[in-house]
Amino acid sequence: MAFNARKQPGGILVIEVDGQLIVGNRQELKQLVLDALEAGDRKFLIDFTKTGFIDSSGLGVLVSLSKKIRDEGGDLRLAGLNEDLKTLFELTKLDTLFAITDSAQQALAAF
Amino acid sequence: MRLAVQPQLSALDPRLAAEGLEAELRLTLPSDVGLVEDAVNVVARHLEASFVDRHTIRFNLRVALGEALLNAILYGNCEDDAKGVAVRVLFGRHAIEMEVTDEGGGFDYRCVPDPTLPANRLRPCGRGLFLIRQLVDEVRFNDAGNSICMILRRT
């Protein structure tokens, strides 16, 4: 399974992306977050520590979720990007759109 | 679904070898985004042993070829099962030339919005071609706009 979601103290939903976030599974992540929003969750952390690759459609779904979560008064943070993934965020200037930390622990502490 | 088509590998014309391009790899895949990863892996596996920089294969090539294939399948062929995507890769120790051709009508590659502009940053799409341009050394299109050629060079 590509996505593992678990609730942390403080009501933060942590979603681990295991493997890749690509065109083939982006809708699964989107639906997971939208369902959680519908259920009342507002704090989201997507943890990419175990993620090797994100394609442009994966980046696109993060942008779309960021907007949706913000519109609902929530907060989306990202963590654990490897050097190549950081490069993708920097090239596309999405590093200016998201709060990104090196580790999930840092992100949890910052909520 | 796995990539069913076996790649064809051949030696090249000596004139291309003079440009650092010593072998050719061809494959054709159907318009199924589920096959993009397999296609990229096939190409990367064939080139990794001979190209001078492994990270360029694992990152630059992987992203650029994957995005070109996605664009070809999603926007070029509109995921039409009856249409295929042709991949031709010329490669040597210091250079890689990747050509991805779809069966669509092409597009105006000169009129693609810059996704990094503040006005476009919240758009969910439009980053594929931008990433390709950032991660390879040269990008060319045919006149119709349905074939992209991406060149990587490393010394």
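The values are calculated or read from the model by the stated rules, or taken from the named source; none is laboratory data. Since the model is a prediction, treat every value here as computed from it, not as a measurement. Cβ: placed from backbone, ideal geometry, glycine included. Neighbour counts: every protein chain shown.
Considering the range A:20-38, and only residues there that are more than 12 Å from chain B (Cβ to nearest Cβ) and charged (D, E, K, R), the residue that is surrounded by the most Cβ atoms within 10 Å (Cβ to Cβ) turns out to be A:28. Would a scan of the range B:40-52 turn up a residue that is of a type in the set (A, V, I, L, M, F, W, C) and touching a residue at least 60 places away in the same chain (Cβ under 8 Å)? So far as the range B:40-52 goes, yes, one or more of its residues are of a type in the set (A, V, I, L, M, F, W, C) and touching a residue at least 60 places away in the same chain (Cβ under 8 Å). If you filter the range B:7-31 down to residues that are surrounded by 15 or more Cβ atoms within 10 Å (Cβ to Cβ) and of a type in the set (Asp, Glu), you find that the one that is modelled with the highest pLDDT is B:24. Candidates in the range B:131-151 are the residues that are under 14 Å from residue B:61 (Cα atoms) and more than 11 Å from the chain's Cα centre (by Cα); of these, the one that is surrounded by the most Cβ atoms within 10 Å (Cβ to Cβ) is B:131. Consider the range B:123-140 and keep the residues that are farther than 19 Å from residue B:73 by Cα and free of Cβ contacts under 8 Å to residues at least 60 places away in the same chain. The one that is nearest to the other protein chains (Cβ to nearest Cβ) is B:134.
Among the residues making up the range B:136-155, those that are out of contact with any Leu (no Cβ under 7 Å at 6 or more places or on another chain) and either within 16 Å of residue B:70 (Cα to Cα) or in a strand (DSSP E or B) (or both) are B:138, B:139, B:140, B:141, B:145, B:146, B:147, B:148, B:149, B:150, B:151, B:153.
Just one of the listed residues (B:90, B:69, B:122, B:117) is of a type in the set (A, V, I, L, M), closer than 25 Å to residue A:90 by Cβ and surrounded by 15 or more Cβ atoms within 10 Å (Cβ to Cβ), namely B:69.
Those strands (runs of 3 or more DSSP E) of chain A in which at least 1 residues are in contact with a Lys or Arg (Cβ under 8 Å, 6 or more places away or on another chain), considering only elements entirely within it, cover A:12-17, A:19-21, A:43-47, A:51-54, A:75-79, A:99-101. For the range A:39-64, give me the residue count where each residue is within 13 Å of another protein chain (Cβ to nearest Cβ) and of a type in the set (Lys, Arg). The total comes to 0.
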